[in-house]
Structure formats: C-alpha cells, structure tokens
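In what follows, a single structure is set out as structure tokens and then discussed.
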Amino acid sequence: MSLMSREHIRSVIAAIEVANVEGPLWRPDGDVLNGLSGSKTVGALQRLAGLFANLSDACYLEIGVFQGLTLLSVAGATPSLPCFGIDNFSILDPEGQNLGIVHDRIARLGCDNATLINLDFQDALLSLGDHIGARRVGAYFIDGAHDYRSQFVGLMFALPYLHDNAVIVIDDANYTFVRQSTHDFLVSHPEFKMVFEAYSPAHPANMDAITLARWESDWLNGVNILVRDPDRLLPDMLPPVTANRDLFVNDWLVHRHVLAELAPEALALAAAVIAGDTAAVHDARTCLIAAYAADRPRFDARFPDRNTQSGGLTQGRFNRLSG
C-alpha cells in the first residue's frame, strides 16, 4: 500500500509541476471556451484527471460549471473519462444564458463524455450515486459558492464518493473562508494532505488589466490541491488562516438579525455613507428599501434580533431502535 500511495502522490505532484510550467494540456481551436479559471488551474485539472483516464470505475467531478471552461477542457483532454459538472446556474448568470452556452459548447466540441447535473450542489452531492453510478470521483474540482459552509459541505458530502486515490482541487483559495474550510477539513481528516497551494495578490476584480492578464495565465484567484494520503507519507501542510475570527462571529450576528438577508444592501449603504457620496447613499438607500419591501411579510414576522427559526420544532424526540 505504501509503495502504491507513494507513487501516486509523486504522479500527482509531477502533474502539478508540469501544469505550473506549461499551462493547459489541450485547448480547442478558436475561441469556443472562455471562463474564470487560471490557465495553470486548467492545466492541472486536465493532467490530474488524466491520472484516472484508464480506470473504468473513475470519473471527474466539478462544482461550478459557469460557461464550461474547466469541465469541457478536462473532457476534451480526457475523452475516455466520464466528466460531470454540477451547477444550477443560479449565480453569475444574470441573463439566464449559461446553461444554453454550455450545451452549445458540448455539441461544438463533441464532448460526449461531459454530463451536466443541473441541481443545487448540495442536492446533487446528496444524490450523487444517482448521477455517477458505481463510479468514484478521481479528480474533484470545487468552484461553487465560496462561503464557509458551502466550501465545507462540498468537501464533506463528497467523501463517500471519492476514489481511493482522489485528488481535490479547491479554486478561489485567495478567499479567507475558502482557506479556513480547507484548513478545518485537513485538520479533521488527516488521511488527506495538501500537496500544493498558490495565491495571487488580489481578486481578479481588483486587478488592473496588466496584472489580470499575468494572473489569468497563472493560478488566478488562488488554489489548494489535496490528495488522499492514508499512509501519512506527506508532512502536514495547511493553508494560511487568520487568527482573528471576527468575520465568523459576524456571520452569526447577521444570521440571527431580523433583516439578515439584506446584509449586502445594508453594507452598500454603509459604504456610501462612510464615503460621503450623496448620490450613492440615495441609490443604496433606495435599493435597501426596495429589497425590504419585496420580502416584508417574512421580515415583519421576526423578532428584532436573536431569531433562531426554531418555532414549531419538536420539544423532544427520540430515534429509537426497531424490534
């Protein structure tokens, strides 16, 4: 077992090393594919998926398809490997076009091994066996919602379906909540180890054009790559996290507040007030009031604070043995 694990880990590291130098393994002709992943990330996914291409019981899985860049880049580079992408296209899709774009690109590229699972990622992971059958996920790419819970659920709910030699690639690791969830997963699951991490100096939205072009050809918004290491061959390596947990405490304070769902609008108003931008204050206030009005019955039914959403729950229930 140790020899097999050692050789697999070496092959994983070698694949990442090549991707770090050469970028994508395969690109379609023309401009069929574009998206929000760094070139080195795409190259790593292609090569890591390739490690499982000849295994009949393996597949590739990703959360967060967007317009198909990573899913179809992997499917095109490993045509013998079933590739599955989970997305219900509920974010980053203001005009509702992404599902059609992905289907069109699958057809244009002839990626018959690419399959969309058009569900919320949590529902998809809970019923994953219905979609991938008896296969096990060899290469797993997490690029969905980046709040702490979504990241942790993405790791935990997939565990029963992971291949013995599974490799997990976690995108957008620049985010504090992403790194924290990876850190907590590794500490609580020592059979997994991080083999590679890379970060950029800021989110792509905060980069100038020259800096953005440089990091689009790199790992873009950061990446953590994990490998299953049951024999504990690798030393511990954890992503950096902050000792200040104020953001996580604030998360709890927001969730219990009567206007919890209006936090983004409230923060936009606060930022405008602090900046002293009268026009922005007016616009932000208008948006906040409109958002409140759109869901007022729900807000008016709550307490001012410490909402637990426990009304109507049982006051005591056992799960008893049968027979």
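Computed values, structure above
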| read-out | value |
| --- | --- |
| Flag for D87 being of a type in the set (D, E), surrounded by 16 or more Cβ atoms within 10 Å (Cβ to Cβ) and in the same structural domain as L25 (by TED's automatic domain parsing) | yes |
| Extreme residue, surrounded by the fewest Cβ atoms within 10 Å (Cβ to Cβ), among residues of the stretch 110-166 that are hydroxyl-bearing (S, T, Y) and out of contact with any Leu (no Cβ under 7 Å at 6 or more places or on another chain) | S127 |
| Residue in the stretch 166-183 that is assigned by TED's automatic domain parsing to the domain that holds P82 and more than 30 Å from N206 (Cβ to Cβ) present | yes |
| Residues located in the stretch 90-109, provided they are touching a residue at least 12 places away in the same chain (Cβ under 8 Å) and loosely packed, with under 14 Cβ neighbours inside 10 Å | S90, I91, L92, H103, R108 |
| Answer residue from the stretch 126-150, given it is aliphatic (A, V, I, L, M) and closer than 24 Å to R47 by Cα and is nearest to the chain's Cα centre (by Cα) among those | I142 |
| All positions within the stretch 69-98 that are at pLDDT below 95 and in contact with a Phe, Trp or Tyr (Cβ under 7 Å, 6 or more places away or on another chain) | L92, N98 |
| Leading residue by the ranking (nearest to A58 (Cα to Cα)) among those in the stretch 12-48 that are of a type in the set (V, I, T) and modelled with pLDDT of 95 or more | V12 |
| Some residue of the stretch 175-183 being of a type in the set (V, I, T), touching a Pro at 6+ places or on another chain (Cβ under 6 Å) and buried (at least 20 other Cβ atoms within 10 Å of the Cβ) | yes |
| Hits in the stretch 33-58 - residues which are farther than 29 Å from P230 by Cβ and surrounded by 15 or more Cβ atoms within 10 Å (Cβ to Cβ) | L33, G35, L36, S37, G38, S39 |
| Complete set of residues in the stretch 202-224 that are of a type in the set (D, E) and either closer than 25 Å to L48 by Cα or touching a residue at least 24 places away in the same chain (Cβ under 8 Å) (or both) | E216, D218 |
| Single condition S310 does not satisfy, out of (1) without any contact (Cβ under 8 Å) to a residue 40 or more places away in the chain; (2) surrounded by 11 or more Cβ atoms within 10 Å (Cβ to Cβ) | (2) |
| Pairs where the first residue, in the stretch 18-33, is touching a residue at least 12 places away in the same chain (Cβ under 8 Å) and in the same structural domain as I101 (by TED's automatic domain parsing) and the second is among the polar types (S, T, N, Q) and part of a loop (DSSP other than H, G, I, E, B), C-beta under 7 Å, 6+ apart | G23/S217 |
| Subset of the stretch 184-213 that is surrounded by 14 or more Cβ atoms within 10 Å (Cβ to Cβ) and among the charged types (D, E, K, R) - its residue that is nearest to V153 (Cα to Cα) | D184 |
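Residue-by-condition table, conditions (1) in a strand (DSSP E or B); (2) without any contact (Cβ under 8 Å) to a residue 24 or more places away in the chain:
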residue: L226; (1), (2): yes, no
residue: R232; (1), (2): no, no
residue: T242; (1), (2): no, no
residue: N250; (1), (2): no, yes
residue: V258; (1), (2): no, no
residue: L262; (1), (2): no, no
residue: V281; (1), (2): no, yes
residue: A290; (1), (2): no, yes
residue: P304; (1), (2): no, no
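The values are calculated or read from the model by the stated rules, or taken from the named source; none is laboratory data. Quantities reported herein were computed from a predicted structural model and do not represent experimental measurements. Every residue, glycine among them, receives a Cβ derived from its backbone with ideal geometry; neighbour counts consider all protein chains shown.
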